[in-house]
Amino acid sequence: MPVDRPGTVPLRVTDEVAEALRTGAPVVALESNVITHGLDYPENAATARKVEAAVRAGGAVPATIGVDAGRVLVGMTDADIDRFASGAGIPKVSSRDLAVVLASGGPGATTVASSLVLAHLAGIPFLASAGMGGVHRGAQRTMDISADLIQLTRSPVALVCAGAKTILDLGLTLEYLETQCVPVISYGSDDFPAFYCVSSGLPSPHRLDDEAAVARAVHTHWALGNPGSVLVATPIDPADAVDKDEVDAATEQAMAAAERAGITGNALTRHLMRAVDRSTGGRAARANTAVLAGTAELAGRVAVAYARLRQDARDRGGSA
Ligand code: PSU
Ligand code: MN
């Protein structure tokens, strides 16, 4: 067997997560880039803990993902969370960056894309995030399409989030997911949600209203032999939402400013998100926090339903 076969990357799994994985208890992976680069210190450290608590409230064990010293962190200690939240010198690490950062031993905050890769390596079937990356507005010209979308076609880890970030072209993002055979399920809503906003104004391809039905759909997608993810999108609580027209206007302005400043590549998402935070007087950042907790809690509940379904199949002597 070649030594560089998949699965030989060192993992540092916390005792709690290792025990849950060993016994088939529900586990939900969480990304760390939103903590390190999406919110300010120290509120982001409090948010990271709140998000872990939300996964527990849903009935599952949280496993915040990152990389450090050549190892994959599967589950973070309090000290890890504080270090990743204070952020100094911790780069954003997406799928393309993973091998280089792991091999050179530096720390890295993982995006949805790289967290999908690592959750799969660790054997965790669910990842929760507030909003994934997608097709950027103007991608026809810039070709800026998040690796989050590409990774959804490759990693068999279901993603629970509030849809893609409002700063993106959500219509094109849905087109991409359709072309690439990634099922999109809105939980308890007819529409595809839009992160800070309850609705993108676009209908969702599928709607399901309870977590057992979502778990069955996820299970069946993999039972069909599909190699990738299932996207489970749940809208923000309307009480926490920001008005869509306001976010769209702020995004247009922020895009024009980014173009003038020559900001492109992996710095663009953070730049746009922060500009929208500023022009909404911090309401967008508060909505981001609310959405992180809401999606984490649903992911916990779906992971519980999925673990139950697998246990039932084992009890019947199957291999689900
Ligand atoms: N910046 C933020 N919040 C975020 C992200 C960046 O203020 O949540 C993230 C998420 O980690 C997501 C990633 O997976 O950005 C996508 O980045 P890109 O569009 O460069 O692929
Ligand atoms: Mn990009």
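The values are calculated or read from the model by the stated rules, or taken from the named source; none is laboratory data. Because the structure is a prediction, the values reported are computed rather than measured. Because the Cβ atoms are built from the backbone with ideal geometry, glycine has one as well, and the counts that use them run over all protein chains shown. For accessibility, only protein heavy atoms count, side chains too; no ligands or nucleic acids. Shrake-Rupley method; radii C 1.70, N 1.55, O 1.52, S 1.80 Å.
Yes/no matrix, rows are residues, columns are (1) of a type outside the set (D, E, K, R); (2) within 16 Å of ligand 1 (Cβ to nearest atom); (3) on the phi < 0 side of the Ramachandran plot:
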| position | (1), (2), (3) |
| --- | --- |
| V61 | yes, no, yes |
| G66 | yes, yes, yes |
| G75 | yes, no, no |
| A113 | yes, yes, yes |
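The criterion of being in contact with a strand residue (DSSP E or B) (Cβ under 8 Å, 6 or more places away or on another chain), open to solvent by 10 Å² or more (accessible area, probe 1.4 Å), within 13 Å of ligand 1 (Cβ to nearest atom) and not small (G, A, S) does not hold for I150. For the range 250-284, a tally of residues being open to solvent by less than 60 Å² (accessible area, probe 1.4 Å) and either in contact with a strand residue (DSSP E or B) (Cβ under 9 Å, 6 or more places away or on another chain) or part of a helix (DSSP H, G or I) (or both) returns 19.
Assess whether A85 counts as being within 15 Å of ligand 1 (Cβ to nearest atom), crowded, with 23+ Cβ neighbours inside 10 Å and more than 16 Å from the chain's Cα centre (by Cα). Yes.
Can you find a residue in the range 157-164 that is out of contact with any helix residue (DSSP H, G or I) (no Cβ under 9 Å at 6 or more places or on another chain), at pLDDT 95 or above and not in a loop (DSSP other than H, G, I, E, B)? No, the range 157-164 contains no residue that is out of contact with any helix residue (DSSP H, G or I) (no Cβ under 9 Å at 6 or more places or on another chain), at pLDDT 95 or above and not in a loop (DSSP other than H, G, I, E, B). Just to be sure before I move on: is A239 in a helix (DSSP H, G or I), in contact with a Lys or Arg (Cβ under 9 Å, 6 or more places away or on another chain) and modelled with pLDDT of 95 or more in the structure I sent? Judged against the criteria, A239 is not a match.
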